[in-house]
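Okay, so here's the structure we're looking at.
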Amino acid sequence: MLITLKLFGIYQKYLPQGAQGSSIVLEVSKSIQVSGVISMVKLPADEQYVVLVNGIGADLDQRLLSGDVVAVFQSIAGGSTGIPSSPNREI
Amino acid sequence: MSGWCGKLLRVNLTSGTIFTEEYDPLQKKAYIGGRGWAIQILNDEMDPRVDPLSPENKLIFATGPLTGIRVPTGNRYMVVTKSPLSNALCRSNSGGFFPVELKRAGYDLLIFEGRAPKPVYVWIYDDRVELRSAEHLWGKIVPEAEELLLGETDPKARVAVIGPAGEHLVKFAAVMNDKHRSAARSGVGAVMGSKNLKAIVVRGTKPVEPAFGELLQNLNKEVMTDITTDIKKGSNLRNYGTTYIPQVTNELGILPTYNFQTGVFQGVERISGQVLKERYFKKAKPCFGCPIACGRGTEVEDPAEFQGEGEGPEYETLATIGSTCGLDNLAAILKANYLCNELGMDTISAGVTIACAIELYQRDYLPIEDSGIELKFGDSLMVLDLIRKMAYREGFGNQLAEGSYRLASYYQHPEISMTSKMVEMPGYDPRGAKGLGLVYATSNMGASHMNGHTGYPEVFGAPYRADPLTTEGKAQLAKQFEDMFAVIDSCGLCVFVAVRYMFDRSKELLPARIAQLLNYATGSDYSEETIHEAGERIYNLERLFLVRSGFSRKNDTLPERMLTEGMPEGPAKGQVIELEQLLDEFYQLRGWDANGIPTEEKLQLLGITI
């Protein structure tokens, strides 16, 4: 099935060849999860992803349907990832 | 000198007298400093009902206890006064190097009172302060004025100055510092212009030493390690500044487009951070002590009509001069940004006011006899022309200079003005980010993301993801972010590190780091609890300033469009803001009555006495 993948900001450079601007149409296997698409394009694994499917927040294990638009960008804060480390707390 | 200077400078412009006042900062620690101390002064010294452009209004430049301290982003100041745009509070924030210089000169605050009989500027070299004539500078655009001022004072000095927009009392004129940085919102520049004060030039040579240098240094290392680890992995702010955001908000369907008639913009790819980076980006422009360096040094070489160079754009400008006015030509948006900076004007209000005029015209509410030209979305040259006219109040520009609410009201259609408390909404259509809707509506400074940016979780998933379309939990979120921003602002830090300092993964506020930083910098004894309380105290005192001049629930509102017209398309399709319900919940959480007035009990708990 076909889905559209959009990568914003620093992730845009991971778009495969043939992308137009920040988006590309990809052929993927049926009921693939968001995480499957992310590994297809080899986004760095240690990042804090924010994922939208058709503009609505989604988790990495969400299964996709034909025609879905998946957008991925990096969460922001203090440089980037948004999760502060604290000397007193396990994170 | 530790984090606090314990000294302020008071300049009476009417009489030309200059005083310094000294105090024990520990006596004022309940309000932290900066923004907190400024609102204390306004409340204590000024009738909140004064005409904002009269000599009775006071204009305060406030640094925080961490301004000038070597901690990430310790470089901010606030300009605090009564707003001529909203008649509510103005507190505009900016960073760069000027604030640090002011602190190094030995002052926590500058207070300007009265009105100079003729244009003046103030020249501060540590303890030496003088008022000088600025008649030769009146009318000069920001970069020219700054160059001249540095030439006649000290090339190492730092400058905050108004442009022609401030001189012409444009209701959303900015105070510009370090040429390209802007304390932009709700008319601080017009107040400065009304006082005939062209500029503040400062040279400060006293280092700002923390009370406990070694402890601060260790904590600083820890924070820096976190931030640089982020940056090494790749950071949007570092690589794009805030210019990657249009694509994000467009994907959520909340990128204000055609005067907030929709939240989806077809031209979004053409105004993206990627295009900026490839075509116009020159150099990252960090503020003092900032490892993030989100500032964008940019240049447009061609076409000739958009030629220029400077700093910017920020996301807000891409959204409010770009998509809101229907512009998809990035070079034109950059030119508009340069013009606003040179003329000293807020890009958000400028853009949204032009968009309002276009919609009024298209609906036949505004006749061509008044505008002089056909107004249409997407017309770059028209936007540039209107920006120039607005700053000088030329022709139709005179009406635009009043802001969109007064413009739309003049044509008897105030519902076309996308404002709250007459202040233009920034680049997030709140129908698709309900927490922000509540923040815009209840803000003490009118619609502003800087009042408490719940878009962090609602839009950016930081430090966790909050569903932008639900109202559930949003009253709590709004309060949390408003109080947190009050702390960050009062300290003199930038909100881009706010999350890094302030939250933990369990979504709870974690003010421990701020408390530690403050204690090491100032030698005080803040705890997680007292720092949190201070944020709430500051926010409530600001609310009282409004209440004392008649503001209440009736003013905590949003444009009719946000409340009744469903978003026409995109992921937020059909959404409106359920404001009344949110207000009830928010007031209750804040300990305010149903009319939005802080209760005696709440004030007592916070130790606020008027």
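Could you list all residues from the range A:17-71 that are of a type in the set (D, E, K, R) and touching a Ser or Thr at 6+ places or on another chain (Cβ under 6 Å)?
A:ARG63
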Exercise. Are there any pairs with C-beta distances below 8 angstrom linking a residue in the range B:217-228 that is within 10 Å of chain A (Cβ to nearest Cβ) to a residue that is exposed (fewer than 13 other Cβ atoms within 10 Å of the Cβ), with the two at least 6 apart or on different chains, and if so which?
Worked result: B:GLU222/A:PRO87
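Looking at this structure, is B:ASN236 within 14 Å of chain A (Cβ to nearest Cβ), crowded, with 24+ Cβ neighbours inside 10 Å, of a type outside the set (Gly, Ala, Ser) and in contact with a Gly (Cβ under 9 Å, 6 or more places away or on another chain)?
Spelling it out, B:ASN236 is indeed within 14 Å of chain A (Cβ to nearest Cβ), crowded, with 24+ Cβ neighbours inside 10 Å, of a type outside the set (Gly, Ala, Ser) and in contact with a Gly (Cβ under 9 Å, 6 or more places away or on another chain).
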For this session: For the range B:295-304, state whether one or more residues are part of a helix (DSSP H, G or I), within 22 Å of B:LYS233 (Cβ to Cβ) and small (Gly, Ala, Ser).
Result: no
Exercise. Under the condition of being among the charged types (D, E, K, R) and in a strand (DSSP E or B), which residue from the range B:110-137 is surrounded by the most Cβ atoms within 10 Å (Cβ to Cβ)?
Worked result: B:GLU113
Problem set entry | Filter pass, B:ALA391 being of a type outside the set (Asp, Glu), crowded, with 24+ Cβ neighbours inside 10 Å and closer than 18 Å to B:VAL352 by Cβ | yes
Problem set entry | Subset of the range B:257-291 that is out of contact with any Asp or Glu (no Cβ under 8 Å at 6 or more places or on another chain) and among the aromatic types (Phe, Trp, Tyr) - its residue that is nearest to the other protein chains (Cβ to nearest Cβ) | B:PHE281
Problem set entry | Filtered residues of the range A:22-34 (kept if within 14 Å of chain B (Cβ to nearest Cβ) and in a strand (DSSP E or B)) | A:SER23, A:ILE24
For this session: Quick one: which residue in B:LEU546, B:LEU589, B:LEU579, B:LEU563 is touching a strand residue (DSSP E or B) at 6+ places or on another chain (Cβ under 7 Å) and either within 20 Å of B:MET425 (Cα to Cα) or of a type in the set (A, V, I, L, M, F, W, C) (or both)?
Result: B:LEU546
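Step by step: first the residues of the range B:477-512, then only those that are basic (Lys, Arg) and under 24 Å from the mean Cα position of the chain (by Cα), then the one that is modelled with the highest pLDDT. Which residue is that?
B:LYS479
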For this session: Only residues that are under 27 Å from B:LEU197 (Cα atoms), of a type in the set (Ser, Thr, Tyr) and touching a helix residue (DSSP H, G or I) at 6+ places or on another chain (Cβ under 6 Å): list them for the range B:320-360, please.
Result: B:THR347, B:THR353
For this session: Please indicate, with yes or no, whether at least one residue in the range B:366-376 is in a helix (DSSP H, G or I), in contact (Cβ under 8 Å) with a residue 40 or more places away in the chain and among the aliphatic types (A, V, I, L, M).
Result: no
Exercise. Do we find that A:SER39 is of a type in the set (Gly, Ala, Ser), free of Cβ contacts under 8 Å to residues at least 40 places away in the same chain and part of a loop (DSSP other than H, G, I, E, B) in this structure?
Worked result: no
Exercise. Across the range B:138-175, which residue is nearest to B:GLY6 (Cα to Cα) among those that are among the small types (Gly, Ala, Ser) and surrounded by fewer than 24 Cβ atoms within 10 Å (Cβ to Cβ)?
Worked result: B:ALA157
Exercise. Do any helices (runs of 4 or more DSSP H) lying entirely in the range B:152-238 carry at least 2 residues that are at pLDDT 95 or above, and which ones are they?
Worked result: B:164-167, B:188-194
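For (1) surrounded by fewer than 24 Cβ atoms within 10 Å (Cβ to Cβ); (2) more than 19 Å from the chain's Cα centre (by Cα); (3) closer than 29 Å to B:THR242 by Cα, each residue gets a yes or a no:
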{"site": "B:CYS340", "(1), (2), (3)": "no, no, yes"}
{"site": "B:PHE377", "(1), (2), (3)": "yes, yes, yes"}
{"site": "B:GLN399", "(1), (2), (3)": "yes, yes, no"}
{"site": "B:PRO414", "(1), (2), (3)": "yes, yes, no"}
{"site": "B:ASP429", "(1), (2), (3)": "no, no, yes"}
{"site": "B:GLY435", "(1), (2), (3)": "no, no, yes"}
Exercise. Could you count how many residues in the range A:35-79 are over 20 Å from B:TYR456 (Cα atoms), within 10 Å of chain B (Cβ to nearest Cβ) and at pLDDT below 95?
Worked result: 2
Exercise. Quick check, is B:ILE254 surrounded by 23 or more Cβ atoms within 10 Å (Cβ to Cβ), of a type outside the set (Ser, Thr, Tyr), touching a Phe, Trp or Tyr at 6+ places or on another chain (Cβ under 7 Å) and within 14 Å of another protein chain (Cβ to nearest Cβ)?
Worked result: yes
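The values are calculated or read from the model by the stated rules, or taken from the named source; none is laboratory data. Everything numeric here is computed off the predicted structure, so don't read it as measured data. No Cβ is skipped: glycine too gets one built from the backbone with ideal geometry, and neighbour counts run over all protein chains shown.
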